[in-house]
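The values are calculated or read from the model by the stated rules, or taken from the named source; none is laboratory data. What you see is a predicted model; the values in this text were computed from it and never measured. Here the Cβ is made from the backbone with ideal geometry for all residues, glycine too, and neighbour counts use every protein chain on show. Calculation scope for accessible area: heavy atoms of the full protein, side chains included, ligands and nucleic acids excluded. Shrake-Rupley method; radii C 1.70, N 1.55, O 1.52, S 1.80 Å.
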Amino acid sequence: MPATDDGQKAQRFREAALPYLDDVYTLARYLLRDASDAEDAVQECYLRALKHFDSYRGPAMKPWLFAILRNVCNAEYARRAHRPSAIEDTPGADEQTPLWQETEASPETEVLRSRDAGAIRKLIDALAEPFKETFVLREINNLSYREIAEAVGAPVGTVMSRLARARAMLRAAWRAEEEQAK
Amino acid sequence: MTCDEARILLHALLDNELDAGHAREVEAHIASCPACAAELAAQREMQRMLADADLRYAAPASLRSRIEASLPQPQRQQPTRRSVLRGFAMGSAVSALAATGIVAVVLRQDDQQRILSEVVSAHLRSLQAGHLTDVVSTDQHTVKPWFNGKLDVAPPVIDLTAQGFTLVGGRLDYIDARAIGAVVYRRRQHVINLFVSQTASTEHRQPKTQTMQGFNCRRWGNRGLNFWAVSDLGADELAEFVDKFEAAMKANVEG
């Protein structure tokens, strides 16, 4: 009976995909920087994932869900671009460049002061794409380089250099805030 | 190995992503290069601080239940009302005919109950900080165009400030796994969410008030649209809102 098949498929999907709800939601929050947009994106992601669950061949569920979420988020970016009252855009690469250069110039050994989660989230939020995405996938979602490459559809080498750049930018921004606080 | 190469590979070293051969190469470079050694130490320090902070977000329970609700239900061990009726329907042609009618009625009510609970959840969600509106305006000529292109059907946006209900803005929401428009009004400190979706039926459906989780929900259908007005306002004031809205809409259509 088709209804039973649907029910069984949904049950398998539930067991395979729902345990990663927090992971998917976390990525959505960082990518979209808005709680309700993130909720909508995650729900859409799960709807699409269920629809394509038949064609899912593994191996890992998490990168597969992330890849779907990225597509949903890209649609959301496009929607925001058409909306005059859009929340601030992701800072362009131009704005980030000075921070990156500053890293080179300043002493490397200076120790960062530890910050609370809220402050760190803000620093991460301010990172430019595609560096933020790579950073969140590695540092917060704990994906391996190969899984990140799979989720974002880029070679492992690209993942590696994006991650290096993201960490350098984050550290520079972290330190720039400390400088300002002085 | 150059410093430029090491600056990238030391991250892979940090993440345990290098095979033994490459790891040795990077370590050898770092042992002979104080600048790269300092960079590795600094990145390791930052990674430790990141690991100490809780940077993950927990998905809200409402989102979890919204997704659960959108999944087809697995077949349960005990016969459901549906399968009982289906069995009954197979009995004879006559009872099959009768049963189909019952199945349709039973399912429709279940459906409506589910949608009502989704509407109330959406209302609750909208009351959380920062969720109420996507577009903030007391001007119907700002709110209405904002919906265009975001939905299959743009909800009617009517300014009822003169009638005592202030237009606050609009929002996209999800009901029954579909994007629909919500127009937000306020009376005193009470928020009214007016959800609007398209329906195949063009018949007029009389307004009916139901209560769920302490919220009043008044539902009606008109001109191919379904409306749900949800608020913590009293039933009489919510009915007043619906009457004023319908009257203004009628005037709009005829004027």
Practice task
Sort out which residues of the stretch B:108-137 are at pLDDT below 85 and of a type in the set (Asp, Glu), and write them in order of number.
Solution key: B:110, B:111, B:134
Fill in the blank from the handout: Note on the stretch B:130-178: residues hydrophobic (A, V, I, L, M, F, W, C), surrounded by fewer than 16 Cβ atoms within 10 Å (Cβ to Cβ) and closer than 20 Å to residue B:253 by Cα are B:153, B:162
Handout entry: Cβ pairs under 7 Å, 6+ apart, first in the stretch A:36-48 and over 16 Å from residue B:182 (Cα atoms), second in a helix (DSSP H, G or I) and among the acidic types (Asp, Glu)
Key = A:41/A:76
Fill in the blank from the handout: Filtering the stretch A:33-60 down to residues that are facing chain B (nearest Cβ under 9 Å) and closer than 17 Å to residue A:137 by Cβ yields A:38, A:42
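Is it true that residue A:57 is within 23 Å of residue B:58 (Cα to Cα) and either part of a helix (DSSP H, G or I) or without any contact (Cβ under 8 Å) to a residue 12 or more places away in the chain (or both)?
When the stated conditions are applied, residue A:57 does not pass them.
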Handout entry: Members of the stretch B:39-50 found to be open to solvent by less than 80 Å² (accessible area, probe 1.4 Å) and either more than 7 Å from chain A (Cβ to nearest Cβ) or in contact with an Asp or Glu (Cβ under 8 Å, 6 or more places away or on another chain) (or both), listed by number
Key = B:39, B:40, B:41, B:42, B:47, B:50
Practice task
Assess whether residue A:82 counts as being open to solvent by 50 Å² or more (accessible area, probe 1.4 Å) and within 9 Å of chain B (Cβ to nearest Cβ).
Solution key: yes
Problem - Out of A:146, A:171, A:175, sole residue that is at pLDDT 90 or above and charged (D, E, K, R) - result: A:171
Practice task
With the condition kept exactly as written, say whether any residue in the stretch B:179-188 is more than 13 Å from chain A (Cβ to nearest Cβ), of a type in the set (Phe, Trp, Tyr), more than 18 Å from residue B:236 (Cα to Cα) and crowded, with 20+ Cβ neighbours inside 10 Å.
Solution key: no
Handout entry: Verdict on residue B:78 being part of a loop (DSSP other than H, G, I, E, B), away from chain A (no Cβ under 12 Å) and modelled with pLDDT under 90
Key = yes
Exercise for the section: Filter the stretch A:139-156 for residues that are out of contact with any Leu (no Cβ under 9 Å at 6 or more places or on another chain), open to solvent by 40 Å² or more (accessible area, probe 1.4 Å) and over 20 Å from residue B:44 (Cα atoms) and give the result. Expected result: A:146, A:153, A:155, A:156
Practice task
Search the stretch A:21-32 for residues being of a type outside the set (A, V, I, L, M) and more than 7 Å from chain B (Cβ to nearest Cβ), and hand back the single one that is nearest to residue A:130 (Cα to Cα).
Solution key: A:30
Exercise for the section: Tally the residues that are more than 9 Å from chain B (Cβ to nearest Cβ), open to solvent by 10 Å² or more (accessible area, probe 1.4 Å) and assigned to a loop (DSSP other than H, G, I, E, B), restricting the search to the stretch A:114-138. Expected result: 3
